[in-house]
Amino acid sequence: MAAGDQQAVHRPGTFKQQNKAHKTGRHRGRGAQDRENKGRVPVKVLSKKLKRNVSKLDRRHKANQIRRQRKDAVLTEKRNLGSKDGPPHLVVVVPLHASVVMGSLLNLVQSNEGDILHEDDAKSGKFALVCPKMKQRWRFVQANTGDLHSVLDLAKVADTLLFVLDPQEGWDSYGDYCLSCLFAQGLPTFVLAVQGMSEIPIKKRNDTKKQLSKVTEKRFPDAKLFHLDTAQEASLLLRQISTQKQRHLAFRDRRCYMLAHRADFQPSDESGLVGTLKVSGYIRGQGLNVNRLIHIVGHGDFQMSQIDAPPDPYPLNPRVLKTRKGEDVEMAVSISDSPCEMEEDVKVLMKADPSVQESLQSEVVPDPMEGEQTWPTEEELKEAEDSLKVKVQRKVPKGTSTYQAAWILDEEESDGEGDSEDDDMDEDQEDAMDEAEEEGSAEEPDEESETVTIPDSTRDDKYDENLDEAEEEQMLEKYKLQRQDEMFPDEVDTPRDQLARIRFQKFRGLKSFRTSPWDPKENLPRDYARIFQFHDFFRTRKRIFRELEEEENESAMVGWYVTVHITGVPVSVLEHYRQGAPLVLYSLVPHEQKMSVVNMLVRRHAGNNEPVQAKEEIIFHCGFRRFRAAPLYSQHTSADKHKSERFLRSDAAVVVTAYAPITFPTASVLMFKQRSNGMHDLIATGSLLSVDPDRIVIKRVVLSGHPLKILKKTAVVRYMFFNREDVLWFKPVELRTKWGRRGHIKEPLGTHGHMKCHFDGQLKSQDTVLMNLYKRVYPKWTYDPYVPPPVTWVKSEVQIDLAEVEME
């Protein structure tokens with residue numbers, strides 16, 4: 001072949017991609033590693049390999065085991081409830097309509113053949129049923145629907161709620177109100193029953209059933225409605241109560257609770273006002289430790305001295321006694337049937353140990369000398385003398401000596417002489433001044449009136465008899481203030497009779513509300529010296545509940561019938577119980593008797609739209625406690641600072657802050673407001689958020705001004721301040737406008753509060769200049785554990801629509 005016909009060879013350039021060569025001989029495969037290790041595997045690798053390399057059959061077996069364990073746990077719980085090893089099945093009967101007759105219904109339940117009836121009190125509707133055939137026992141308690149506290153207290157300890165409906169309407173307005181409270185508190189297992197369906201004509205019966213099912217679907221979508229007109233239907237109802245799955249309430253599953261069956265009082269002094277209360281009942285929830293504190297719902301926290309074990313009043317297997325003729329006679333020996341308890345039958349289970357028993361201390365006693373410093377050292381005294389010798393330069397007339405110059409005061413010093421007196425002004429006075437300014441701005445001069453002829457058909461003298469004009473005027477003012485706060489949030493008029501730097505001396509400006517720092521330990525009130533605080537609240541909660549699970553062997557077990565000796569109880573508790581009110585006991589987790597700052601997350605109840613102002617007295621039902629307090633309202637955000645709200649908002653969730661005893665979540669929260677006639681209106685529902693005194697609640701005040709002259713990037717603003725000194729004092733605070741401009745004060749103009757301001761753009765003539773000032777606020781110490789019993793609730797007919805309230 002000729003040399004000219006030879007094909008040219010391609011030579012790679014400098015930019016050719018160079019791939020890494022395969023590293024042969026350095027890599028060991030898995031097989032080589034296993035041969036070298038000879039079966040020796042590290043612990044971490046072994047655990048990971050077992051989790052990863054599980055066969056399909058093993059995964060199926062593991063899933064079956066988990067399913068079987070859960071099923072056994074549910075069956076064990078279902079078998080223990082109402083059996084000989086557990087407490088009787090507590091059924092609370094709640095009529096939801098005024099026309100429901102309870103006497104015939106309870107007689108049908110008692111008429112089951114083969115059951116042993118133990119009737120405690122025929123008037124109050126308390127009785128127990130023992131069925132040896134089904135190996136079940138029930139205790140029925142009729143709730144007094146006229147007393148809302150009794151209904152809520154019984155629902156806290158009930159295993160099943162038996163709601164009795166009317167065949168025509170289902171429930172009335174008060175029944176619907178009770179359901180709202182029960183749903184917000186936490187609804188246990190329930191059963192719906194209707195009585196009187198057989199009395200309705202056959203032709204109208206189907207229509208009545210359809211109408212009743214439509215009513216019940218709103219509250220209970222998947223619930224079955226039981227008819228209760230015959231003894232056979234009553235036995236079906238009992239079987240449904242004993243076999244259905246139980247619903248758990250988180251706030252009571254971790255605590256021991258008890259409904260009193262009997263109560264006796266033994267005075268400890270000659271006056272007889274305070275003594276030892278002996279309460280007998282079945283232990284439910286968790287075991288009861290005598291060294292813990294116990295809370296009597298509605299009455300307070302107390303200590304226990306002793307726990308006894310008397311005979312069970314409702315035995316499932318009654319004793320068999322032999323007569324002379326050899327006949328066996330079954331006799332259920334009951335405490336209530338015997339004239340007196342035999343001392344040899346009562347066994348002392350445990351007594352309190354004073355060295356281990358928890359104390360009733362709820363507040364820290366502040367030491368006034370705790371903040372005092374020791375005697376200063378010589379170095380500190382020398383530094384103080386040197387600081388006093390610092391020369392201050394002042395402009396003085398020519399020829400003035402240093403001695404004469406020391407007596408000349410600056411304008412700022414002369415104006416600030418009254419600052420120390422005003423620093424002690426209480427927050428309540430500031431709030432009162434805010435309200436007075438808002439009310440003053442809402443007033444307007446009288447307008448021309450005209451005569452309007454009212455037709456006779458609209459006159460109703462009886463309607464006006466029950467109308468309180470003063471209360472109506474007060475409520476109208478609240479509606480106007482709430483409406484004004486929604487339209488102009490946090491805006492306050494600058495007072496003209498007082499310097500703004502004195503009026504707002506506790507406020508400060510922030511560059512950014514979200515990112516600017518704020519020390520949570522700065523300028524704390526005196527009440528913070530009385531409360532307790534956790535380093536890590538949720539970690540402490542986790543540790544305490546874990547320790548309680550380990551202490552179960554040292555306490556009285558669930559299902560035992562015991563008598564608890566409670567010391568230091570006033571005699572009014574027994575009188576309240578003998579009047580027909582239920583006596584409910586709850587054991588306290590450690591630290592739950594101590595006071596702190598409690599934060600609750602609530603949302604406004606849909607059935608109430610009345611304005612609720614901050615620091616207004618509210619009745620709280622938090623878990624098993626109820627108390628009165630004057631709370632603060634703030635926004636629910638994830639930041640470290642939270643803006644306070646002047647009113648309880650209806651369009652968003654709000655955090656409520658108040659001084660209250662520590663309660664570990666989860667716990668339901670109900671907020672009631674008391675009317676002038678004694679009724680309690682449900683205004684908000686929610687749950688416990690945390691116990692955190694360091695949660696910063698910031699009150700914002702917005703001062704507004706109007707542009708007088710507008711240039712390219714500067715403007716002359718007036719009506720924000722009314723003197724030159726205030727403009728100079730607030731000069732470092734940043735300004736903003738409603739249309740999004742930002743700026744600052746350059747200099748004051750004149751002596752009437754006009755100021756020259758610079759912005760990042762040209763203002764509009766209709767724009768408004770604003771200045772934000774902030775101050776941390778704290779709740780009032782108005783905690784009161786006593787809540788007066790409510791009057792039977794009646795729906796208020798007078799409702800004012802907030803949108804119809806005209807702003808002046």
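Taking the mean number of other Cβ atoms within 10 Å as a proxy for protection, how do you rank 739-747, 652-660 from highest to lowest?
Order by mean packing, descending: 652-660, 739-747.
State the Cα centre-to-centre distance between the stretch 701-760 and the stretch 527-594 in whole Å.
That distance is 58 Å.
From largest accessible area down, sort Tyr257, Tyr528; use a 1.4 Å probe on the protein chains.
Tyr528, Tyr257
Pull out a ≥ b ≥ c, the square roots of the eigenvalues of the alpha-carbon gyration tensor of the stretch 566-619, then state rounded if a/c is under 1.5, prolate if not and a/b is larger than b/c, and oblate in the remaining case.
Cα axes put the stretch 566-619 in the oblate bin.
For the stretch 491-621, with all protein chains present and a 1.4 Å probe, just round the carbon and sulfur fraction of the accessible area to a whole percent.
Of all accessible area on the stretch 491-621, carbon and sulfur atoms account for 46 percent.
Please report, in debye to the nearest 20, how large the charge dipole of the stretch 223-320 is about its Cα centre when each Lys and Arg carries +1 at its beta carbon and each Asp and Glu carries -1 there.
Rounded to the nearest 20 debye, it is 620 debye.
Roughly how many Å² is the accessible area per residue of the stretch 146-298, as a whole number, for a 1.4 Å probe?
42 Å²
Under unit Cβ charges (Lys, Arg +1; Asp, Glu -1), what dipole magnitude, rounded to 20 debye, does the stretch 164-229 have relative to its Cα centre?
It comes to approximately 300 debye.
Cβ under 10 Å from Asp784's Cβ, Asp784 left aside: what net charge do those residues give with Lys, Arg +1 and Asp, Glu -1?
Neighbourhood net charge equals 0.
In a shell of Cβ-Cβ distance under 12 Å around Phe251, excluding Phe251 itself, what net charge do Lys and Arg (+1) and Asp and Glu (-1) give?
Computed value for this residue: +3.
If the chain between Asp651 and Asp72 were fully stretched, how many nm would it gain, using 0.36 nm times the residue separation less the Cα-Cα distance?
203.9 nm
So how do 97-109, 129-141, 217-229 stack up, highest first, on mean other-Cβ count within 10 Å?
Taking the mean over residues of other Cβ atoms within 10 Å, the ranking is 129-141, 97-109, 217-229.
Would you mind getting the accessible area per residue of the stretch 622-713, heavy atoms of the protein chains only, 1.4 Å probe, in Å²?
That works out to 31 Å² per residue.
Ignoring ligands, DNA and RNA, what percent of the accessible area of the stretch 201-257 is carbon or sulfur (1.4 Å)?
49 percent
The values are calculated or read from the model by the stated rules, or taken from the named source; none is laboratory data. Small disclaimer: the values here were computed from a predicted structure and weren't measured. Note that each Cβ is placed from the backbone with ideal geometry, even for glycine, and that neighbours are counted across all protein chains shown. Ligands, DNA and RNA are stripped out before the accessible areas are found, and what is left, the full protein with its side chains, is counted by its heavy atoms. Shrake-Rupley method; radii C 1.70, N 1.55, O 1.52, S 1.80 Å.
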